[in-house]
Amino acid sequence: MRKLTSRAVLVTCLVALVSVLVTALVAAPLALRATNRATREGLADQADLTAALINTRPRPSGEDRVVQQLRTRGFTVYLVVDRTLTTPGTVPQRLVTAIGAGRAVRNQSAVIDRRLMLVEGRPLPGKPGSGILLAHSAVTGLGGGFALLRGLWWALLAGLAAGAVAGALLAQRLARPIRHAAAAAVRLSAGDRSVRLRPEPPAEVEELAQALNGLAAALATSEGRQRDFLLSVSHELRTPLTTIKGYAEALSDGVIAPDGVPRAGKTVLTEAENLDRLVGDLLALARLDAVDFPVNILPVDLVDVLSDAARAWIARCPALRVELPPEPVVVPTDPGRIRQVVDGLMDNALRVVPADAPVVLAVRPADADGFASVEVRDGGPGFSDADLALVFERGAMSERYRGMRKVGSGLGLALAHGLVRRLGGSIEAGHAPEGGARFTVRLPVYQARTSH
């Protein structure tokens with residue numbers, strides 16, 4: 001945070017310095033013009049007064065006294081007598097000629113003795129061909145403008161000091177909530193999900209605090225679901241393992257009679273197959289988001305896929321009904337993966353529906369959006385409206401209905417959702433007309449190339 005403080009101080013000092021320089025660059029010409037204008041006005045008034053004084057006083061003592069007073073006050077005085085410059089100096093002839101002709105010289109600038117001078121001249125009314133020229137150095141260039149601003153240096157230095165102090169205070173104000181956010185991030189990485197930050201201004205820091213609070217809440221929710229999911233999976237793993245272990249102990253102890261061995265072996269095989277399927281689902285879920293997840297996209301007729309699935313499931317579900325269109329429905333998909341999705345949805349349906357409840361496999365041709373559909377409907381208990389938002393989350397339905405009705409690990413629906421997403425389609429749950437659940441898988445239709 002010291003870096004933030006030092007950088008903030010440096011930036012504020014630089015901004016103050018730039019402001020000072022810009023102010024000086026803008027103010028110097030303005031000050032220069034104002035000074036020259038004030039000098040010119042004073043010079044004109046002094047020329048009028050001097051001409052009046054010289055005209056009313058006897059020469060030469062009167063002239064000499066007035067000229068001496070003007071020179072002590074910083075004015076340069078030139079006298080013109082009988083149209084001739086009597087005072088030494090390189091005064092332009094046009095000015096001398098104007099005074100000799102009885103004309104006043106007003107608002108003039110001239111180079112006199114290699115310096116730019118402001119010049120005012122007045123003829124002497126009682127002395128034809130005579131007059132006086134007053135000159136004063138003009139303030140020129142940036143140097144002259146900056147010379148006028150010398151009195152502001154202390155104020156400029158004070159501005160720089162104030163900028164440094166303001167930068168330090170601002171950096172500390174910004175650094176404090178950032179330090180709190182860093183400490184909260186460290187606690188989050190250490191596993192503390194109860195950490196929360198109090199949002200503080202400015203708005204960007206408030207957004208950072210709210211983002212960290214949201215992250216902490218999301219992590220707590222996610223970890224809670226993971227714990228529930230692991231508990232559910234461990235329960236599903238323990239069930240077949242307990243059965244297999246019990247029959248294995250009975251066989252090893254000779255408790256089972258010889259005529260009961262085939263039945264025990266069949267039970268062990270069934271539970272081993274359930275265990276293998278559960279482990280396979282876990283591995284598939286873990287690999288769904290991997291780049292190398294195998295998907296082989298081919299033109300597939302959904303009518304053929306569901307016909308094969310119906311023949312395989314009819315033995316376990318005599319009430320199975322199939323709704324197929326008369327024409328093929330071809331989509332670009334992986335035939336093995338889409339069959340895996342259908343089998344998972346069927347297994348999920350048969351787990352909960354009563355023995356005499358209907359189960360429907362259906363294919364719908366492409367709709368106006370170019371998507372064909374596969375439906376799995378049942379007449380089981382179905383889902384509530386609140387369930388539909390959570391039905392594809394791992395373990396959500398298992399956790400919600402455990403002890404109320406027969407449920408699985410909750411992996412099947414999550415796996416089906418992930419597979420359909422990898423195949424470029426979508427899956428949604430709803431209410432079936434048969435009274436239970438309806439799952440609809442939508443896949444883009446296959447666009448066959450045509451030759452002209």
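The values are calculated or read from the model by the stated rules, or taken from the named source; none is laboratory data. No experiment lies behind these values; they were computed from the predicted model shown. All accessible areas refer to the heavy atoms of the entire protein, side chains included, with ligands and DNA or RNA removed. Shrake-Rupley method; radii C 1.70, N 1.55, O 1.52, S 1.80 Å.
How much accessible surface does Asp356 have with a 1.4 Å probe, in Å² rounded to 10?
Accessible surface of Asp356 is approximately 130 Å².
Counting only protein chains, not ligands or nucleic acids, how are His180, His136 ordered by accessible area (probe 1.4 Å), most first?
Working: His180 90, His136 55 Å².
Ranked from most to least accessible, the order is His180, His136.
How many Å² of accessible area per residue for the stretch 325-384, probe 1.4 Å?
Details: 2280 Å² over 60 residues.
Using a 1.4 Å probe on heavy atoms only, each residue of the stretch 325-384 averages 38 Å².
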